[in-house]
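Remarks on the structure that follows.
Please treat every number below as a calculation from the coordinates, not as lab data. As the structure is a computational prediction, the values presented were derived from the model and not from experiment. When we count neighbours, we look across all protein chains shown, and the Cβ atoms used for this are built from the backbone with ideal geometry, even at glycine.
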Amino acid sequence: MSYNRVHGDDLRFYADSINWLFSKGVPRTEWEDKNTGDWSYNSGSYDNKYTLVDQNPLRKASFNLEGDDAHVMHQIDLQATSAMPINFLKIMNHNGADASAGFRLAYNTSAFTNPGDGTTIVAPVAVLNGSVNPDSGANLAEALTDSETAVDVTDGGAFSVGEYLLLDDQQEQEVIKITAIAVNTLTVTRGAQGTNNVEHNNGADIYRYGVIKPTNDGETILTFTEVTDKRYWCIETIPIQTGGAGYQADLDIGCYMLGKYHTMTMAPDLSVKPGFLSDGVTNRKTVGGKDFTFGHYLSSNDAAATYAPYRYNLRYYMRPNGRQTFNLTWKGMADTNIYPQDLSAIGAGGDFFSDVINKVGINFLSFTLALDKDSSDEGDYLFCKFDQSSFDTTQKAWQWSGFSLRIIQQY
Amino acid sequence: MITQPANYQAAVTAQHIISDWLLEVAYSDSTPGTFYFSGQDRTVTNKYAGLVEDWGEISEEIDLANSVAMTADITITLLNKWNNASGLLSDELFGGSKKFLNQDVTIRSWLLGVSSASDCVTRFVGRLVKIKHNLETVTFTIEKRVPWDRLKIDNGKHSNTNLVQPYAVGLCSATDKRYFPVPTYKIDNNNILALPHPFGYQENDQVFYYERTIEDFVEITGSAGVSPATGDVYAEKELQREAAYLPQEVGSANQWDNASKAFDGTAAYASDTLVLGGGGEVTSTLVLNFPAIDHTYTSIEIRYTYSLIVSGHVSGSASLQDNTLGTLRNLITRSSDGTSSGTGTITITPDYSGEPPSTIKLNLKIAAGSDLTAEARISDVDILITTNIDFTNPQEGMNEAKSVEKLYSNNSGVDLIWTGETSGLGDIYPHNVFRTLLNLKAGWDASAEDDVHVNGVDWSSSSIDTDRNWLVFWWSLKQLPLPDVLKQLQFEGGFIWVFDYTSSTVDARIIYVKSSYSSADKTLDGDYLSEIEIDTTPVSEIVTKRTFNYDRNPATGSYRGSNSKTNTNRGNWNLATEENAIEQNLDWLYSSTNVDSLLTYYDNIVGEPKIVGSCSLDSPEYWNLQVGDIVKFSNMEYDPYGKSWSSIYFMITGVTIQPDSFKINFREVG
């Protein structure tokens, strides 16, 4: 825990590319349900695909999945095959832990159709609230040659078609893809995801490749090596209950955010003013001067609601009062870290303007701020917006500029 | 609620929205066209010039207490720039070949991500009624397009006289004394001619004369009808008519008991009993006043049902006698115990010397020296009278005929007609007539029957024909402004008609408050609302007692019925007896039961103070709401006056819309 401290080069901004595209006029229909024959939404008003990308994590879409083993796939078409950097996925207000749901992200050069599609399953790093490549609980039930495609396992019910499995009992890892399941025998494609066929020992552990398993319900963030040239991205949920039996509850998801994070450059002179704004409280005075207080809200969803972004595991009455704020002033840094070389050719980014200011439309879209990019504490993350209608920089010297940001928590 | 196109719907649930309006101003020219404007240069099927400086606001309101809808004009300000020789938009708008005034204007709601004009929501369709400009700006004033604007209702002009021909709605009824009046305009050699009946010659046409003294319509049994050739109503100038009339009242010298029952149309009777034990004769007289009928009587028959009961007979006889003309005539005599009964007719004509009798007099008599008890019973008395205008003196006869200003027809009123309607003269209810008049008099018809929604439900699936099965009967002898007529019809039908251009499948909506609600069109989440204000309807709006005068007499225009309803809780509001009590005339309804239903409807709305309020809908997800929609509230910060939000249904009674804001007024309805 950082004690609300900000480390200049540990600040990380997670800006959502899906809503950035929408804000620029890309139709929301480019966000699609996939393999809908395998799964369905529940019947609530918000149980639809748009709820998943509305940047409103409080409002959840619910899937009718309890006891089912379907993969739920959603695809975004990023419209371009270059200069479209992606390196994180945020899943907000989910009950993945309760439902025993894992999440997997893949990209492709063409549209997705079936579970397991995709040129590449990203190799995630769990940043917040999750573990990567979870153990399935099942093991190989036979020694495996490097060519055998009928794989006997101790519990075939733990798996579903379209899953990628990681076998890691040898010096060289191998990924295999399940194409069919007959009780405890998996039909697989060997040497998937660029790995080589390798012999494996009887009893070897089987891991779910590319899957992030939420540790708790709430927010999960996974990052991965930046990819800039893939147009189609698919978020896939996978039942990961050890011993099978599918999802353990209907899966609910507040929203997905997919994009490129920006880690702030270290600057020698950073002014940091953390604060809490109690904007839900009104004080009124009688004509005689008596003071009355009306509290509309003291913190996010303080009326016994179970959810507040990144404060999921706090009881509602323990949430910090007021709206968390940060006034940050970088008195100077290399302007190459702030702006792209050519504003008419904003590309893969790397500068603060391209990665953050342009992606969120200054004060239009929400983003997540990590006070410490490596922190696994929810309290170091903030769902927020810029509380300013302009982004002003001051050129202090040749190639040296400074700027200020005011950041305010979103409920 | 507006059904939003899928691509529009896809955008509204987002937390962050970019929205604008698209303005389309049509013009007529040798090749008609449209100018397109928006807040920014946009291509959304069409190219919209980004010239709008101020959108103004769309403001719609319904008044449930008076059943009317109101839409304010919209004022839009544009920058006065255009790609022409002067560089001024104003040069294009007036004086050239393009005519913009009074042409259609459409305002669409656009959200970023919606790329087709057809995927936008049509917010408003109106007419450009004013164009103002100075060097810097052009201001458009747009009024909502309502098909009934500046129209009148009549049945055309009479070809011979240029008089306005009457208009009629409903079905005639002898029982309820409802016939359509047609003004007379000429007497030719044989006939009194009246204007054509509203809907021309029909089979079984009958013509009636209004007898003022008995306040009833009497069929003209002489030559009369509707001319198949001209449609004129005519009657032979003598206006001969034969009809059965009831005595008007009990005469002053009456001696019988329950005399009025002799003509009350029931099995009850008037009676009297005499006892004589010898001595001189005894009599008692039933006296009933004769009806005063216009014109000259040519025959009179008094018809009655009688019983003469004799008991304790020792000697003598008892009789029932007629003394109407002052000359005693035995009708029946009985000389023994027992009962004589039957029906009888007294023909007055042979003894009738010209002046009609003023009373009917029937005697019960026991002859002198008799020893018996006699009881007489009389019921079902009526008088069959034949009258006409006497032309023995031609000048006097003509003067009499000239004084007849109206005849009356039993021809039926207008058929119900709109696309999909098949009942013809089926259910002459207010909403059906409203739709018919729009079709016939304003030239407005929905594309399909179900393109008119009733409280959010397709017309044919709605319950309006059971909720509002109130029969109407209406006529007009002069041109009336169509909006006034429809406004009154709405009021009496207890509904509000709103034209709707927001969807290709909804052309208009009917709104009324249902007697109870079990579900809302939408539940508004307090997390997505702001500027919430709660109020009550003002005391001045409370109507604790309402009286409706109804059943307009076709001959006199007076109202033959009057019903009232007093709110049972009026004492709660410290109102004196006559405070907040109103009396109103109904021109369409005639049934007491239906009027009571209407009284109940308005009492439910304004009989007591109701909770009203306003708020801003901050989530565009709610921007498909319209006036008349039913909403509930959830997740609210506080309760209205301590009542639970969850137990109250509200109707949206007003919307104020701008491209980036949507405010509603709401009113408690259940």
Per the helix-only model, chain B has a calculated mean residue ellipticity at 222 nm (DSSP H runs of ≥4, -39500 (n - 2.57) each, divided over all residues, rounded to the nearest 500) of -2500 deg cm²/dmol
Cα-Cα longer than 30 Å, checked against B:LYS98/B:LYS478; A:LYS273/A:LYS359; A:LYS60/A:LYS385, kept in input order, equals B:LYS98/B:LYS478
So the angle from the long Cα axis of helix B:592-606 to the longest Cα principal axis of chain B, reported in degrees to the nearest 10, equals 30
Pseudo-spin-label distance B:LYS186 to B:SER646, built 7 Å along Cα→Cβ, given in nm, is 7.6
Within the set A:GLU236, A:GLU219, A:GLU66, GNM on chain A using Cα springs under 10 Å gives the largest fluctuation to A:GLU66
In terms of the alpha carbon gyration tensor, root eigenvalues a ≥ b ≥ c, rounded if a/c is under 1.5 and otherwise prolate when a/b exceeds b/c or oblate, chain A is prolate
With bins of 20 Å, the percent of all Cα-Cα pairs of the protein assembly as shown per bin from 0 is 10, 26, 26, 17, 11, 7, 2, 0
If the chain between A:ASP98 and A:HIS296 were fully extended at 0.36 nm per residue, the gain over the current Cα-Cα distance would be 68.1 nm
Rh (Kirkwood, all Cα-Cα pairs) for the range B:235-382, Å, reads 16.0
Taking Cα atoms only, Rg over Rh for the range A:74-199 with Rh from the Kirkwood formula is 0.98
Going from the fewest other Cβ atoms within 10 Å to the most, one would list B:ARG334, A:ARG104, B:ARG329 as B:ARG329, B:ARG334, A:ARG104
Counting sequence-distant residues (5 or more places) and residues on other chains, those with an amide H built under 5 Å from that of B:VAL207 are B:ILE220
Nearest 10, in degrees from 0 to 90: the angle of helix B:430-442 to the longest Cα principal axis of chain B is 70
Distance in Å, no decimals, from the C-alpha centre of the range B:44-112 to the one of the range A:231-305 is 41
Exposure proxy check on B:SER564, B:SER109: fewest-to-most Cβ neighbours within 10 Å is B:SER564, B:SER109
Calc'd 3J(HN,Hα), the range A:62-71, phi into Karplus 6.51 cos²θ - 1.76 cosθ + 1.60 (θ = phi - 60°), Hz, glycine/Pro = x, comes to 10, 10, 7, 10, 4, x, 9, 10, 6, 8
When the charge dipole of chain B is computed with +1 on Lys and Arg Cβ and -1 on Asp and Glu Cβ about the Cα centre, the Cα farthest towards its positive end, among B:ALA270, B:GLY113, B:LEU135, belongs to B:LEU135
Ranked on Cβ counts within 10 Å of their own Cβ, fewest leading, A:TRP39, B:TRP573 go B:TRP573, A:TRP39
Checked chain B against the a/c 1.5 cut and the a/b vs b/c comparison, axes a ≥ b ≥ c from its Cα gyration tensor; verdict prolate
Counting Lys and Arg as +1 and Asp and Glu as -1 over every other residue whose Cβ sits under 13 Å from the Cβ of A:ILE346, the net charge comes to 0
Computed ³J(HN,Hα) along the range B:448-453: with the Karplus parameters 6.51/-1.76/1.60, θ = phi - 60°, integer Hz and x for glycine or proline, the list is 8, 3, 7, 7, 9, 9
Taking Cα atoms, the helix B:482-493 axis meets the longest principal axis of chain B at an angle in degrees (rounded to 10) of 70
Counting only residues 5 or more apart in sequence or on a different chain, those whose built amide H sits under 5 Å from that of A:VAL122 are A:LEU105, A:ALA106, A:TYR107
The range A:127-264: Kirkwood hydrodynamic radius (Cα pairs, Å) comes out at 16.3
The ³J(HN,Hα) series, computed from each phi in the range B:180-194 with the Karplus coefficients 6.51, -1.76 and 1.60 at θ = phi - 60°, rounded to the nearest Hz and given as x for glycine or proline, is 8, x, 10, x, 7, 9, 6, 10, 9, 4, 10, 10, 8, 9, 10
Rounded to whole angstrom, the alpha-carbon centroid of the range A:341-411 lies from that of the range B:167-192 at a distance of 84
By the C-alpha gyration tensor axes a ≥ b ≥ c (rounded if a/c is under 1.5, else prolate when a/b exceeds b/c, else oblate), the shape of the range B:1-156 is oblate
Once amide hydrogens are built 1.01 Å from N within the peptide plane, the residues lying 5 or more places from A:GLY210 or on another chain with amide H under 5 Å from its amide H are A:ASN133
Taking the dipole of the protein assembly as shown about the Cα centre (Lys, Arg +1; Asp, Glu -1; charges at Cβ), the one of A:THR393, A:VAL175, B:VAL414 that reaches farthest to the positive side is A:THR393
